[in-house]
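**Q** Mind having a look at this structure? Questions to follow.
The values are calculated or read from the model by the stated rules, or taken from the named source; none is laboratory data. The shown structure was predicted, so the numbers you read here are calculated from the model rather than taken from an experiment. Note that each Cβ is placed from the backbone with ideal geometry, even for glycine, and that neighbours are counted across all protein chains shown.
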Amino acid sequence: MKTINLLPKPRQTELRYEATLRSVLVIAALTLLSYAVVFLVQFGLKFYLQLQAGSVTAQITALQAEVKNQANADVKTKVKAANDLVTDYINLSNASPNWSRIIKAFAPLPPQGVKINSLNFIPSKKAVVINGTSPTRELVIQLYNNILQDTNDFYGIDYPLENVAQPTENVFHFTFFVKDKLWQP
């Protein structure tokens, strides 16, 4: 079937233009509507993501603060323990005299044959107490004289008479003081 258009030519052209205009207006409206929908969706997503980002940032900050406090507490505890250990060592080292210097200064003084059984240090008095045995009285006297003559390192040696009471197999003990230079670290 064939359609015959009996309208005059200018009216037919006008109707074609109106149809084209309607099509253009529908396309423009759909385009504007789609732009508006996309814009609203993007704006809504941006707003939602900003809220989520703020929430996540707050959670991260809270977790970092918590971890920092825990980690700092652990690290501070470990550092404090290490510092306390070093401080204790330094205090002990400073409080203790250098025994090796005292022993080194005393070692050449006993004559051959004298046996030193104990060598005790009294840090509070800066004193040394020795106990030992000697085969003869003369060796005990020689030990006493050796300590007495070493005025660079020792002073104030006592001389108990029981040290020389027997001519042989003497058990002796002396107490003498150490000069400050041997006690310094």
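**Q** Name the residue, out of 5, 69, that is free of Cβ contacts under 8 Å to residues at least 60 places away in the same chain and part of a loop (DSSP other than H, G, I, E, B).
**A** Checking each option against the conditions leaves just 5.
**Q** I'd like to know if the stretch 143-162 contains one or more residues that are among the hydroxyl-bearing types (Ser, Thr, Tyr), part of a helix (DSSP H, G or I) and over 36 Å from the mean Cα position of the chain (by Cα).
**A** yes
**Q** Given (1) modelled with pLDDT under 90; (2) under 23 Å from residue 178 (Cα atoms); (3) over 44 Å from the mean Cα position of the chain (by Cα), where does residue 95 come up short, assuming only one miss?
**A** Among (1) modelled with pLDDT under 90; (2) under 23 Å from residue 178 (Cα atoms); (3) over 44 Å from the mean Cα position of the chain (by Cα), residue 95 violates only (3).
**Q** May I pose another question? Looking only at the stretch 98-108, decide whether some residue is closer than 30 Å to residue 120 by Cα and basic (Lys, Arg).
**A** Yes, some residue in the stretch 98-108 is closer than 30 Å to residue 120 by Cα and basic (Lys, Arg).
**Q** Quick check on the stretch 1-36: of everything there that is surrounded by 10 or more Cβ atoms within 10 Å (Cβ to Cβ) and of a type in the set (S, T, N, Q), which residue is modelled with the lowest pLDDT?
**A** Looking at residues that are surrounded by 10 or more Cβ atoms within 10 Å (Cβ to Cβ) and of a type in the set (S, T, N, Q), I get 12.
**Q** Same structure again: What number of residues within the stretch 52-92 are of a type in the set (D, E, K, R) and either farther than 30 Å from residue 123 by Cβ or over 21 Å from the mean Cα position of the chain (by Cα) (or both)? Spell out how you get there, then give the answer.
**A** First pass over the stretch 52-92, keeping only residues of a type in the set (D, E, K, R): 66, 68, 74, 76, 78, 80, 84, 88.
Filter once more, keeping what is either farther than 30 Å from residue 123 by Cβ or over 21 Å from the mean Cα position of the chain (by Cα) (or both): 66, 68, 74, 76, 78.
Here the count works out to 5.
**Q** Here's something else I'd like to know. Can you pull out every residue in the stretch 122-142 that is basic (Lys, Arg) and part of a loop (DSSP other than H, G, I, E, B)?
**A** 125, 126
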